[in-house]
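Colleague: Okay, handing you the structure first.
The values are calculated or read from the model by the stated rules, or taken from the named source; none is laboratory data. Predicted model, so just to flag it, every value in this text is computed and none were measured. Cβ coordinates were reconstructed from backbone atoms using ideal geometry, including for glycine residues, and neighbour counts include every protein chain displayed. Only protein heavy atoms, including side chains, enter the accessible area calculation; ligands, DNA and RNA are left aside. Shrake-Rupley method; radii C 1.70, N 1.55, O 1.52, S 1.80 Å.
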Amino acid sequence: MTVITDSATLAAFCDRMSAESFVTVDTEFMRDRTYWPDLCLVQIAGSEEAAAIDPMADGIDLAPLLTLLADPRVLKVFHAARQDLEIFALLTGGRLPTPIFDSQVAAMVCGFGDAVSYETLAARLAGARIDKSSRFTDWSKRPLSERQITYALADVTHLRVVYLKLSKRLQSTGRERWVDEEMAVLTDPATYRLDPESAWMRLKPRSGSPKFLNVLKALAAWRETEAQRRNLPRNRLVRDEALLEIAAQTPKTVAELARSRGLSKGTAEGVVGEALLAAVARGLAAPPEDAPKLAERPEVPPGRGPLIDLLKVLLKLKCEAHHVAQKLVATTADLEAIACSDSAPVAALHGWRRDVFGADALALKQGRLALAAARDAIKVVPLEPDQV
């Protein structure tokens, strides 16, 4: 097992990896007690060699690793890449690894179902069995055990075979472009920006009241900024339910604040309580016209329910026929939007999703296509104009 703990060894390893056409990458991190993830280990594998890099080792310079990740000549293969990419964006001030390939997304495109796990892919494509007993260990403690290192390296060694087999499937079906479209989202720096002014959206409020939303926005922005400053998890500072309660009740005194569910009397009377009351006051002072707007979900007109049900059947039928995960093509909200408008602003009506499902969804809605039961199956039946 190779564990790299010094700069010279890391530089030599990354130099060798720069000659590879692709490398597989994974990270181990901790964020149970912090706002920002603490990077504890980086695993890299090339075609013949794999190593675990210890970013917590004294004096180690990660510059060669970051240079490798930014090298456009070497494809970086991840599984469920988003959290790994967030860590590297933080390390580099927003520069993301490029180019990348996410095996979870590729597996969804290849018909392995929604959000398929690495263990499932490793078993089905690489014939490997992953020992998951080290998954929830404390990766920040040193020294790392042999079992931890073995587990960590398995996350990149089997990924080599997984990538090669998925890549072959994508080439044979001509679906590389589908994955490329999804990678564009993952490699957009905006995906990883943590803007306090938009933190209120994480709370998924249901009330569209301008007063409520102004106060909630101010409260959430304060919590986000303070959690970042203190490097504390958001909910350890103030829980989501408490913020929603405070935004609804708009307390103006410590006594009123102390009656909020999920907030202790001591918290209400301390510096956090003072900051919460100040945020409430800022929200109340904001003009109603400046309140954030909830994303509008179209109101489904009476009688559209059966159409939405038919669209669900069509989605399942088309996704099974194309061996692609339904979740990747359209959501229930997308189907409701399509039922309400032929030009709904949903991904399902654009790009490869339109080819797989969107065009037929519109045809079904417009009466140019029907669904029929044939023995034990459902068939898509195009209709001629005189049949409509």
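Colleague: Which residue pairs have Cβ atoms closer than 8 Å, lie 6 or more positions apart in sequence or on different chains, and pair a first residue in the stretch 333-348 that is of a type in the set (Asp, Glu) with a second residue that is not in a helix (DSSP H, G or I)?
Modeller: From the stretch 333-348, the pairs are 334/344; 334/346; 336/297; 336/298; 336/300; 336/304; 342/366.
Colleague: Report whether or not residue 11 is in contact (Cβ under 8 Å) with a residue 40 or more places away in the chain, open to solvent by less than 40 Å² (accessible area, probe 1.4 Å) and closer than 24 Å to residue 75 by Cβ.
Modeller: No, not satisfied.
Colleague: Taking the condition of a type outside the set (Ser, Thr, Tyr), farther than 30 Å from residue 331 by Cβ, part of a loop (DSSP other than H, G, I, E, B) and touching a residue at least 12 places away in the same chain (Cβ under 8 Å), does residue 261 pass?
Modeller: yes
Colleague: Here is a further query. Take the residues of the stretch 347-360 that are of a type outside the set (Asp, Glu) and surrounded by fewer than 19 Cβ atoms within 10 Å (Cβ to Cβ): which is nearest to residue 176 (Cα to Cα)?
Modeller: Among those that are of a type outside the set (Asp, Glu) and surrounded by fewer than 19 Cβ atoms within 10 Å (Cβ to Cβ), it is 351.
Colleague: Right, something else. Is there any pair linking a residue in the stretch 216-242 that is at positive phi to one that is not in a helix (DSSP H, G or I), with Cβ under 7 Å and at least six apart or on different chains, and which?
Modeller: Once the first residue is at positive phi and sits in the stretch 216-242, its partners that are not in a helix (DSSP H, G or I) give 231/34; 231/35; 231/36.
Colleague: Kindly indicate whether any position in the stretch 121-128 is farther than 29 Å from residue 352 by Cα, outside any helix (DSSP H, G or I) and either out of contact with any His (no Cβ under 6 Å at 6 or more places or on another chain) or free of Cβ contacts under 8 Å to residues at least 40 places away in the same chain (or both).
Modeller: Looking through the stretch 121-128, at least one residue is farther than 29 Å from residue 352 by Cα, outside any helix (DSSP H, G or I) and either out of contact with any His (no Cβ under 6 Å at 6 or more places or on another chain) or free of Cβ contacts under 8 Å to residues at least 40 places away in the same chain (or both).
Colleague: Listed residues 32, 71, 61; which is in contact (Cβ under 8 Å) with a residue 12 or more places away in the chain, out of contact with any helix residue (DSSP H, G or I) (no Cβ under 8 Å at 6 or more places or on another chain), within 23 Å of residue 144 (Cα to Cα) and surrounded by fewer than 22 Cβ atoms within 10 Å (Cβ to Cβ)?
Modeller: Values: 71 fails: within 23 Å of residue 144 (Cα to Cα); 61 fails: out of contact with any helix residue (DSSP H, G or I) (no Cβ under 8 Å at 6 or more places or on another chain).
Exactly one residue qualifies, and that residue is 32.
Yes or no, residue by residue, for (1) exposed (fewer than 13 other Cβ atoms within 10 Å of the Cβ); (2) part of a loop (DSSP other than H, G, I, E, B); (3) at negative phi:
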{"position": "315", "(1), (2), (3)": "no, no, yes"}
{"position": "327", "(1), (2), (3)": "yes, no, yes"}
{"position": "338", "(1), (2), (3)": "no, no, yes"}
{"position": "343", "(1), (2), (3)": "yes, yes, yes"}
{"position": "362", "(1), (2), (3)": "no, no, yes"}
{"position": "371", "(1), (2), (3)": "no, no, yes"}
{"position": "380", "(1), (2), (3)": "no, no, yes"}
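Colleague: Can you name the number of the only condition in (1) open to solvent by less than 20 Å² (accessible area, probe 1.4 Å); (2) in a helix (DSSP H, G or I) that residue 251 fails?
Modeller: (2)
Colleague: Here's another thing I want to ask about it. In the stretch 124-158, which residues are closer than 30 Å to residue 171 by Cα and either touching a Lys or Arg at 6+ places or on another chain (Cβ under 6 Å) or open to solvent by 50 Å² or more (accessible area, probe 1.4 Å) (or both)?
Modeller: Within the stretch 124-158, 124, 125, 127, 129, 158 meet the criteria.
Colleague: Go through (1) at pLDDT below 95; (2) within 27 Å of residue 32 (Cβ to Cβ); (3) in contact with a Gly (Cβ under 9 Å, 6 or more places away or on another chain) for residue 293 and report which single condition fails.
Modeller: All conditions pass for residue 293, except number (2).
Colleague: In this structure, does residue 371 turn out to be under 19 Å from residue 108 (Cα atoms) and over 23 Å from the mean Cα position of the chain (by Cα)?
Modeller: No; evaluated as a whole, the condition is false for this residue.
Colleague: Right, something else. Going by the conditions given, is residue 278 open to solvent by 40 Å² or more (accessible area, probe 1.4 Å), modelled with pLDDT of 95 or more, in a helix (DSSP H, G or I) and of a type outside the set (Val, Ile, Thr)?
Modeller: yes
Colleague: Could you please let me know if residue 232 is open to solvent by 40 Å² or more (accessible area, probe 1.4 Å), modelled with pLDDT of 95 or more and under 19 Å from residue 198 (Cα atoms)?
Modeller: It is true that residue 232 is open to solvent by 40 Å² or more (accessible area, probe 1.4 Å), modelled with pLDDT of 95 or more and under 19 Å from residue 198 (Cα atoms).
Colleague: Tell me, yes or no, whether the stretch 32-44 has at least one residue that is closer than 24 Å to residue 165 by Cα and outside any strand (DSSP E or B).
Modeller: no
Colleague: Further question: Going through the stretch 159-189 one residue at a time, which ones are open to solvent by less than 30 Å² (accessible area, probe 1.4 Å) and either touching a Gly at 6+ places or on another chain (Cβ under 6 Å) or small (Gly, Ala, Ser) (or both)?
Modeller: Selection gives 167 alone.
Colleague: Right, here's the next one. State whether the residues of the stretch 190-208 include one that is part of a helix (DSSP H, G or I), among the aliphatic types (A, V, I, L, M) and open to solvent by 30 Å² or more (accessible area, probe 1.4 Å). Walk me through it before giving the result.
Modeller: Initially, the stretch 190-208 is screened for residues part of a helix (DSSP H, G or I), giving 190-192, 196-203.
Among the residues that remain, those that are also among the aliphatic types (A, V, I, L, M) are: 190, 199, 201, 203.
Pick out the ones that are also open to solvent by 30 Å² or more (accessible area, probe 1.4 Å) and you get 190, 201.
Taking every residue of the stretch 190-208 in turn, at least one turns out to be part of a helix (DSSP H, G or I), among the aliphatic types (A, V, I, L, M) and open to solvent by 30 Å² or more (accessible area, probe 1.4 Å).
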